[in-house]
Structure formats: C-alpha cells, structure tokens
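Heads up, the thing below is written out as structure tokens.
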Amino acid sequence: MPPQVKRAKTISKNKRAVRSCRFERGLLGANTTGYNTWVDREVYSDTNGAVPGEPVKRDENSRRGNWGNQIEFVLTSVGYAVGLGNVWRFPYLCYRNGGGAFMLPYFIMLVFCGIPLFFLELSFGQFASLGCLGVWKISPMFKGVGYGMMVVSTYIGIYYNVVICIAFYYFFLSMTNLLPWTYCNNPWNTPDCTGVLGSGRHLNASLANATSSLVAGVSEVANRTKRTSPSEEYWKHYVLNISDDIGNFGEVVYFTATFPYVVLTILFIRGITLDGAINGIKYYLTPQWQKVLDAKVWGDAASQIFYSLGCAWGGLITMASYNKFHNNCFRTSELADPQFENIKTVATLLCSVIQLIDSRDSIIISVTNCATSVYAGFVIFSILGFMAHHLNVPVSEVADHGPGLAFVAYPEALTLLPISPLWSLLFFFMLILLGLGTQFCLLETLVTAVVDEIGTDWIIRNKTVVTLTVAIAGFLLGVPLTTRAGIYWLLLMDNYAASFSLVIISCIMCICIMYIYGHRNYFKDVEMMLGFPPPLFFKVCWRFISPLIISFILIFTVIQYKPITYNDYVYPDWSLAIGFSMALSSVICIPVYALYKISRSPGATFRERLKNACRSHPKWGPALKEHRTGRYAPMASEDTVEARPLKEKEELKEEKKDEISLTIQGSNGSTNTHNNPNPSA
C-alpha cells in the first residue's frame with residue numbers, strides 16, 4: 001500500500017476515534033496525559049497545526065460549547081433545582097396550607113406533572129442545542145412560550161436576589177459572640193416578646209443558670225395572652241422594619257451540592273430533640289382533609305413543584321442545550337494502540353456507569369429536589385413544634401404564614417445550639433450558596449436566550465457585556481423590594497408573577513409538542529437522540545395526564561379564588577391589579593406572538609397562514625450536521641454546510657480532503673483524479 005494512502009487512512013481512522021472518545025477524555029481528565037498527547041500528535045498536528053503533545057480542548061459544538069462531562073451537568077442541574085425554593089419557599093407554603101394537607105397534592109403533582117415535564121424540557125433543549133427561544137423552531141407560532149419563560153425568569157430573578165441579600169445580612173450579623181435575636185432585651189422588642197432563654201442578664205450564667213432561665217421564661221409565657229419569639233420580632237421590627245401598608249416604602253434599606261445537607265442534618269438532629277418537636281412533625285404529616293379539597297392547596301402544590309424543579313423557567317432547556325447530542329459515550333474500540341488498552345477499559349467502564357445514570361437524570365434530580373424540600377420541612381416543623389410548646393399556642397399560630405417563616409424558625413433553632421454564632425454563619429452561608437446557584441442559572445437563561453436569538457459573531461464575542469447589562473438591570477429592579485414595604489411586594493410577586501403562570505406555560509408547551517408538532521415525531525426524536533424511546537409512563541403523562549391535571553387545577557383555582565393576604569393585612573385592590581398584570585405579562589406573550597406569526601406567514605386564507613405558522617422551521621432538528629440523519633438529512637450536501645460554524649466547516653473540508661486524497665486505480669491502470677481538485681495530493 002502506498003505510504004500516502006496508509007497515512008490518509010490512519011488520519012481518517014484516528015479522527016473517528018477522537019469523535020468517539022471526546023466524552024471519555026472529559027471523564028479521565030488530567031490523568032490521561034499520554035492519551036491526550038497521542039490524540040493531539042496523531043490528529044491535531046496534521047489538521048490544525050497544533051504543537052505535538054499540546055492538549056487541545058475540542059467541544060462537540062465548537063461554536064456554542066458543551067458540558068465537560070455528564071457529572072458536571074447533573075451536579076449543575078441539582079444546584080439549579082435545589083435552592084431557596086426548598087429551604088425557604090416550601091416550608092412556608094406547607095405551613096400556610098395546613099401542613100399534611102399540602103403533602104398529598106404535592107407528591108401527586110411531583111409524580112404525574114413534575115418529573116415528566118422535567119424530562120420533557122431536558123430532552124427538548126438537548127435535541128435542538130438551543131435556548132428557550134431558539135427551540136421553538138419546532139413550531140414558530142408558539143415562540144411566545146419562550147418569551148413567557150424569559151419574563152418569568154426575570155421576575156423570579158428580581159425577588160430571588162432580595163432573599164439572597166437577606167441571607168447575606170443575617171450572615172454578617174452572625175459574626176458576633178451573641179446572636180442578636182437570642183433575647184428580648186433589645187430596642188426593637190415589644191412587651192409581648194418571650195425568649196426561651198429568658199433575658200440578657202443570664203448571658204454569663206452557667207449551664208444550671210441557663211436551665212433556670214429557661215424555666216423562668218416558660219413561667220413568664222404562661223402569664224401572657226399574646227406571645228412572640230425574639231427571632232420573629234427581630235425579623236419583623238429590625239430586619240424588615242415593616243410598614244403597615246404596601247404603599248408605604250420608607251427608606252431603602254462542588255461543595256455547594258453537599259454542604260446544605262450537612263447543615264440541615266445538624267439542625268434536624270437538634271430540632272427533634274427539643275420539647276414539643278413531635279407536635280410540629282405531627283402537624284406536618286397529618287392531613288387536614290377539609291383543606292385537601294381546597295383548590296388553592298392544589299394550586300400552591302403545583303406552583304411549588306414547577307418552582308422548585310425550575311419547570312417553565314427556561315433554565316432546564318438552557319442547561320440541557322449544552323449537553324452533547326447523544327449524551328452518552330461512543331465506542332472506544334477504534335483505538336488500536338496497545339499502550340492505551342488500560343485507559344480504554346477504564347473509560348469504557350466509566351462511560352457505562354454514566355450511560356446507566358443518564359437515562360434516569362430527570363428522576364434523580366427531581367427526587368433529590370423534592371426530598372430536600374421534605375427534609376427541610378422536618379427541620380422547620382420540629383422547630384415550630386418546640387416554639388408552640390413553649391409559647392403555649394397551637395402550631396398553626398406560632399409564626400407568620402409568609403415568606404419570612406424561614407427567617408424566624410431557623411434562627412430560633414440556631415440560638416439553641418452550642419457555639420450558636422458559628423452554626424448561624426454556616427447556615428446562612430448555606431442559604432447564600434443555594435440562592436447563588438439558582439441565580440446564576442436564571443441569569444444564564446436570559447443571556448443565552450438573547451445570544452441565541454441574535455446569533456451574530458459580535459454578540460457571541462461580547463457575551464460578557466450582555467451578562468453585565470442583565471445583571472445591572474436585575475439589581476435596579478430589585479431595589480424597591482428592600483424598602484419597608486418590600487416584604488409585601490415580594491409576597492405579591494411570589495404569588496402572582498411566579499405561580500400560575502409557570503403552570504400555564506408548562507401546559508401549553510406540553511400541548512404544542514404533543515399535539516401540534518406531533519407525539520410520534522417527538523418520540524422518534526428522543527429515540528434518535530438517546531437510542532431508546534421515552535418510557536411508556538412519560539408518553540402517557542405528556543399526552544394526557546399532565547395537561548388534564550394542570551387544566552383541572554387552573555379551572556377550580558379560578559372558581560375558588562381568594563385574594564392574597566399577609567397575616568392580617570389584606571392587599572388593596574390596586575395592588576392585586578398589579579399582581580394580575582405581572583401574572584398575565586408572561587402568559588400574554590403566547591397569544592400576542594402567535595397572532596404576529598400568523599399575520600407574517602404566507603397564505604391566501606387564515607387557515608393556510610395558521611398551518612404555515614405551526615409548521616416546523618426548516619432548520620429545526622439537531623444543531624450539528626453529523627446528527628441530522630433520517631428525516632433531518634440535508635437534501636444537498638454542499639448547500640447545507642453554509643450555515644455551519646467556520647471551525648466545523650474547516651474540519652469537514654479537512655476530512656473530505658483526506659478521503660479524496662486516496663488514489664483510485666482504474667481498470668487500465670491509470671489514476672482517477674477527476675474528483676480531486678489537487679491531483680498532486
């Protein structure tokens with residue numbers, strides 16, 4: 001065999017090996033120096049001029065980028081899904097809706113809506129490798145759903161920042177010898193304040209004196225009719241300095257994936273050892289059947305599932321869009337060098353484990369998310385039971401039924417731990433990490449949507465400028481929530497801007513994919529991407545169960561609608577109008593854009609325009625040409641290359657050049673070079 005033919009075959013073979021081993025390289029990392037050197041020496045030095053032996057990172061999608069490996073994606077998704085919604089929002093919604101009465105609809109919504117729609121969004125974004133706007137090439141008329149997701153993410157990002165700021169505030173105030181919400185002898189306390197540890201004069205007492213102060217505090221409680229804890233008064237009168245009206249603003253005032261569970265476990269162990277903790281846990285687990293029939297409880301359960309999992313935020317689609325198309329490993333059998341046999345074996349084993357996990361990503365992340373919420377609920381309600389026991393009030397009346405619950409119950413438990421300032425620092429540091437993990441993904445969702453939509457080289461090069469602009473805008477919009485009336489506005493946004501709009505957007509997305517695009521088409525897309533069709537349970541939920549459950553909840557919630565309140569404060573009508581406006585601002589994007597798209601679509605009649613507006617865009621499908629097989633295969637090989645990134649086009653040209661360079665002997669012994677633009681090759 002001529003040397004040039006042998007060399008061309010070797011290069012082509014090694015290129016195929018590189019494509020099949022990119023994922024293994026991400027898994028093996030720094031321990032594969034020889035492996036990287038071999039690949040770079042054999043391929044890159046012949047194709048792009050790289051220095052032999054120099055590691056060159058190559059993503060599957062060189063223009064847009066990919067996750068380094070599957071574990072990175074799973075951990076990021078857990079960090080996105082497990083956030084303040086679990087530790088902060090779930091406990092107060094559960095408390096407001098009767099404890100155990102909230103748990104039943106919560107788990108029903110998780111199984112039949114949360115997990116299926118979570119998987120739907122992940123597969124949707126991964127298949128198209130586009131953000132929450134670009135994916136609607138599947139049916140351009142419904143692109144308003146993507147805009148609705150962006151509006152929802154904007155609202156959530158605004159008030160999410162404020163909750164993180166409160167956690168920062170508590171974090172820095174914990175840097176002291178005595179936590180300021182321990183006793184009732186502070187300027188912000190009222191005569192109704194009753195501390196478990198008595199008053200400040202017992203600060204230097206021994207353990208026996210501390211026990212005496214506990215008894216004295218309990219005796220003092222028995223002589224009062226209205227009682228509040230020091231942590232609650234600190235929250236209301238010092239941190240919030242809350243006004244009496246929503247219009248009264250006053251003055252403007254990888255470790256991350258495991259650390260929260262360590263802190264929650266410490267608080268849980270301490271909480272269940274306190275007197276009265278069992279009463280709080282009973283309240284948490286015992287359903288109040290009269291509330292189970294309340295549509296608002298089901299509505300809150302649905303909104304919490306979508307909120308905590310991140311469904312309809314656009315974040316799941318965005319993160320999944322950075323997955324490699326098949327999201328598993330390819331064969332490594334084409335590596336022929338014996339010295340890499342051990343590396344091949346290890347890589348194949350690791351990839352097999354990841355492939356096993358891969359098909360269960362949505363279930364793992366969803367269950368982890370909701371288990372964290374339930375676990376945090378045990379911590380909160382054990383503390384509420386203790387507070388109710390010593391304040392001599394029912395568990396349902398021991399604290400505010402609002403978003404400040406976490407900043408009342410958790411700090412109360414922290415004062416009962418030894419070296420309480422240290423544990424307070426760790427706890428609020430945990431809240432900060434949880435909040436920032438989700439906030440980063442919210443920011444990336446908005447930025448990715450803008451960059452993908454514009455798609456120019458300038459916007460891609462200046463993505464940092466777009467990120468900074470979005471961050472500054474979010475900061476300025478969040479400033480009003482730091483006023484004395486800020487807690488009212490935060491609750492208003494949480495109940496309207498990020499509640500039923502999430503449910504509506506998810507329902508419309510599900511209907512569009514299953515019935516407009518076609519369930520058979522989508523099931524084939526998933527099978528082409530993953531190598532197996534969606535499980536039967538997901539198919540049934542996507543087509544029937546999830547849309548029906550969501551529709552019934554929405555209908556009965558409208559029928560049984562009750563205006564929002566914050567404890568005894570009733571929101572005025574003008575504030576409710578603002579709340580409905582925020583809720584509709586995300587949903588209204590869907591019909592407005594649909595009408596716009598229909599008006600711009602070709603057709604002589606409305607029916608023809610509607611049909612053309614619903615039809616998939618010609619560019620819908622896998623982002624990279626090598627994945628566009630079957631019904632996505634291009635009709636003309638040369639014409640379809642123009643839309644590809646420059647780097648990928650160069651790689652295709654190099655590979656084609658290597659293949660063409662093989663000489664073909666004709667029947668008369670002459671060399672056939674009519675397809676070769678450079679015969680001398």
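The values are calculated or read from the model by the stated rules, or taken from the named source; none is laboratory data. Worth saying up front: this structure is predicted, and the values here are computed from it rather than measured. All Cβ positions, even for glycine, are placed from backbone atoms using ideal geometry, and neighbour counts span all protein chains on display. Each accessible area value is taken on the protein alone, full model and side chains, heavy atoms only, with ligands, DNA and RNA left out. Shrake-Rupley method; radii C 1.70, N 1.55, O 1.52, S 1.80 Å.
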_Testing Met529 on (1) assigned to a helix (DSSP H, G or I); (2) over 26 Å from Gly630 (Cα atoms), one condition comes back false. Which one is that?_
(2)
_Checking the structure you have, find out if any residue of segment 439-457 is closer than 19 Å to Tyr169 by Cα and assigned to a helix (DSSP H, G or I)._
yes
_Residue pairs meeting the criteria (Cβ under 9 Å; at least 6 apart or on separate chains; first under 14 Å from Pro187 (Cα atoms), in segment 228-246; second of a type in the set (Ser, Thr, Tyr) and open to solvent by 60 Å² or more (accessible area, probe 1.4 Å))_ = Val239/Tyr169
*If Lys282 passes every condition in (1) at pLDDT 90 or above; (2) touching a Phe, Trp or Tyr at 6+ places or on another chain (Cβ under 7 Å) but one, which one does it miss?*
(2)
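Mind telling me which of the residues Arg600, Arg615 ends up being within 28 Å of Ser123 (Cβ to Cβ) and not hydroxyl-bearing (Ser, Thr, Tyr)? Don't jump to the end; show me each part of the working.
Numbers: Arg600 fails: within 28 Å of Ser123 (Cβ to Cβ).
Just a single option satisfies the conditions, and that option is Arg615.
Mind listing just one residue for me: the one in segment 548-576 that is open to solvent by 70 Å² or more (accessible area, probe 1.4 Å) and part of a helix (DSSP H, G or I) and, of those, farthest from Asp245 (Cα to Cα)?
Keep residues of segment 548-576 that are open to solvent by 70 Å² or more (accessible area, probe 1.4 Å), which gives 548, 552, 555-556, 558-563, 568, 570, 573-574.
Still in the list and also part of a helix (DSSP H, G or I): 548, 552, 555-556, 558-559, 573-574.
Details: Leu548: 39, Phe552: 35, Ile555: 31, Phe556: 30, Val558: 27, Ile559: 28, Asp573: 13, Trp574: 12 Å.
This residue is Leu548.
Please find, within segment 455-464, the residue that is surrounded by the fewest Cβ atoms within 10 Å (Cβ to Cβ) out of those that are at pLDDT below 85 and touching a helix residue (DSSP H, G or I) at 6+ places or on another chain (Cβ under 9 Å).
Of everything passing the filter in segment 455-464, Gly455 is surrounded by the fewest Cβ atoms within 10 Å (Cβ to Cβ).
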*asked:* Checking the structure you have, find out if any residue of segment 505-520 is under 30 Å from Ile166 (Cβ atoms) and at pLDDT 90 or above.
replied: yes
*For segment 272-315, name all the residues that are assigned to a helix (DSSP H, G or I), of a type in the set (A, V, I, L, M, F, W, C) and within 18 Å of the chain's Cα centre (by Cα).*
Ala301, Ala302, Ile305, Phe306, Leu309
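Among the listed residues Ala577, Ala583, which satisfies the condition of being modelled with pLDDT of 90 or more, closer than 24 Å to Pro403 by Cβ and within 27 Å of the chain's Cα centre (by Cα)?
Only one candidate passes the filter, namely Ala583.
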